[in-house]
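Okay, structure first, notes after.
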2 protein chains.
Amino acid sequence: MYNYMHTAIEEAKKSGKDVPVGAVVVKDGKIISVAHNLREQDNDITAHAEILAIRQAERTVANWRLDGCELYVTLEPCPMCGWAILQSRISKVYFGSYDLNYGAFSKCGLDKICKTDIEIHGGICEEECDMLLKDFFTDIRV
Amino acid sequence: MYNYMHTAIEEAKKSGKDVPVGAVVVKDGKIISVAHNLREQDNDITAHAEILAIRQAERTVANWRLDGCELYVTLEPCPMCGWAILQSRISKVYFGSYDLNYGAFSKCGLDKICKTDIEIHGGICEEECDMLLKDFFTDIRV
């Protein structure tokens, strides 16, 4: 579990002027997609790490159904990404930092509305993931 | 307002084996993007009409900020699309049919969580939009 999150953390560091977020989709123990936030770079509000990783994974398996897949992401998904995850039938989500303002699960409870049997685990490698965001926003303020 | 929704309704009819949903983005009285649901066709869980219309509009204006734009969509957005709309800074949303199970606004209240000053109007050309869905699901059951 932790090695996949570390891959997501390394990926997050590639986000440049975008908020550093990295995501990894794993199927049968193998990474099938890796992505980072590209909103600013691509001028695309939907280009969050999770959306890009899901779309890439879908292309890899040639199916929008990602049953049995796991998603690792450094920050709790927003409602856009959270609903995409729930609809994609991903089986397990592991996220690092909590988003207590806009988190799809901790704040908006979308997993309760969707009523799937998805497993959601927050706070994985939380300190490292928090640090990514803290460093980014400190740099912006300097 | 109604002519834009009629364009969205005509676009929805192109959805083929996908649930018929059409979306239009308007800026300064001009249509800058039109899209329909392509989830099944593209094997992409994110390929809802609204997401595709937003991405197309962003490319047109070369900016992820769609301030001042209006979005017309035949069905109330799901939480994925609803959050994308809120984040894109679209100013007004007009939707046809309500989704009382999974609607981003009527069910999930995402507009309350995001706290923007977006205007949201539901039930525009509602009968026609309801009929699109009713016909589609009747055909599936036959």
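The values are calculated or read from the model by the stated rules, or taken from the named source; none is laboratory data. Predicted model, so just to flag it, every value in this text is computed and none were measured. Cβ placement follows ideal geometry from the backbone for every residue including glycine, while neighbour counts extend to all protein chains displayed.
Taking the condition of being hydrophobic (A, V, I, L, M, F, W, C) and in contact (Cβ under 8 Å) with a residue 40 or more places away in the chain, how many residues in the stretch A:59-74 meet it?
Final tally of qualifying residues: 4.
Can you name the residue in the stretch B:61-70 that is part of a loop (DSSP other than H, G, I, E, B) and facing chain A (nearest Cβ under 9 Å) and, of all such residues, is nearest to B:MET1 (Cα to Cα)?
B:LEU66
Listed residues B:LYS134, B:LYS92; which is in contact with an Asp or Glu (Cβ under 7 Å, 6 or more places away or on another chain) and either surrounded by fewer than 24 Cβ atoms within 10 Å (Cβ to Cβ) or free of Cβ contacts under 8 Å to residues at least 12 places away in the same chain (or both)?
Unique residue meeting the criteria: B:LYS92.
Name the single residue that is surrounded by the most Cβ atoms within 10 Å (Cβ to Cβ) among those in the stretch A:1-14 being among the hydroxyl-bearing types (Ser, Thr, Tyr) and at pLDDT 95 or above.
Step one: of the stretch A:1-14, the residues among the hydroxyl-bearing types (Ser, Thr, Tyr) are A:2, A:4, A:7.
Still in the running and at pLDDT 95 or above: A:4, A:7.
Numbers: A:TYR4: 20, A:THR7: 17.
The residue in question is A:TYR4.
If you go through the stretch B:90-124 one residue at a time, how many are among the basic types (Lys, Arg) and part of a helix (DSSP H, G or I)?
1
Kindly establish whether B:GLY22 is in contact (Cβ under 8 Å) with a residue 40 or more places away in the chain and small (Gly, Ala, Ser).
yes
Restricting the search to the stretch A:110-131, which residues are of a type in the set (A, V, I, L, M, F, W, C) and without any contact (Cβ under 8 Å) to a residue 24 or more places away in the chain? Step through it out loud before you land on a result.
The first filter runs over the stretch A:110-131 and keeps only residues of a type in the set (A, V, I, L, M, F, W, C), leaving A:110, A:113-114, A:118, A:120, A:124-125, A:129, A:131.
Correct list: A:ILE113, A:MET131.
Residues of the stretch B:15-58 being more than 13 Å from chain A (Cβ to nearest Cβ) and acidic (Asp, Glu), which ones?
Result: B:ASP28, single match.
For the stretch A:32-53, what are the residues that are closer than 14 Å to A:SER88 by Cα and more than 9 Å from the chain's Cα centre (by Cα)?
A:LEU52
Anything in the stretch B:16-55 that is of a type in the set (S, T, N, Q) and either in a helix (DSSP H, G or I) or surrounded by 22 or more Cβ atoms within 10 Å (Cβ to Cβ) (or both)? List them, or say none.
B:SER33, B:ASN37, B:GLN41, B:THR46
Only one of these conditions is not met by B:LYS107: (1) closer than 23 Å to B:MET131 by Cβ; (2) in contact (Cβ under 8 Å) with a residue 40 or more places away in the chain. Which number is it?
Every condition holds for B:LYS107 apart from (2).
Which one of B:GLU58, B:GLU127 is in a helix (DSSP H, G or I) and surrounded by fewer than 16 Cβ atoms within 10 Å (Cβ to Cβ)? Please lay out each step first, then the result.
Values: B:GLU58 fails: surrounded by fewer than 16 Cβ atoms within 10 Å (Cβ to Cβ).
Unique residue meeting the criteria: B:GLU127.
I'm trying to understand the selection: among the residues of the stretch B:1-15, which are closer than 30 Å to A:THR60 by Cα and not in a helix (DSSP H, G or I)? Walk me through how you get there before you give the answer.
Kept after step one, since they are closer than 30 Å to A:THR60 by Cα, are these residues of the stretch B:1-15: B:11-15.
Those that are closer than 30 Å to A:THR60 by Cα and not in a helix (DSSP H, G or I): B:LYS13, B:LYS14, B:SER15.
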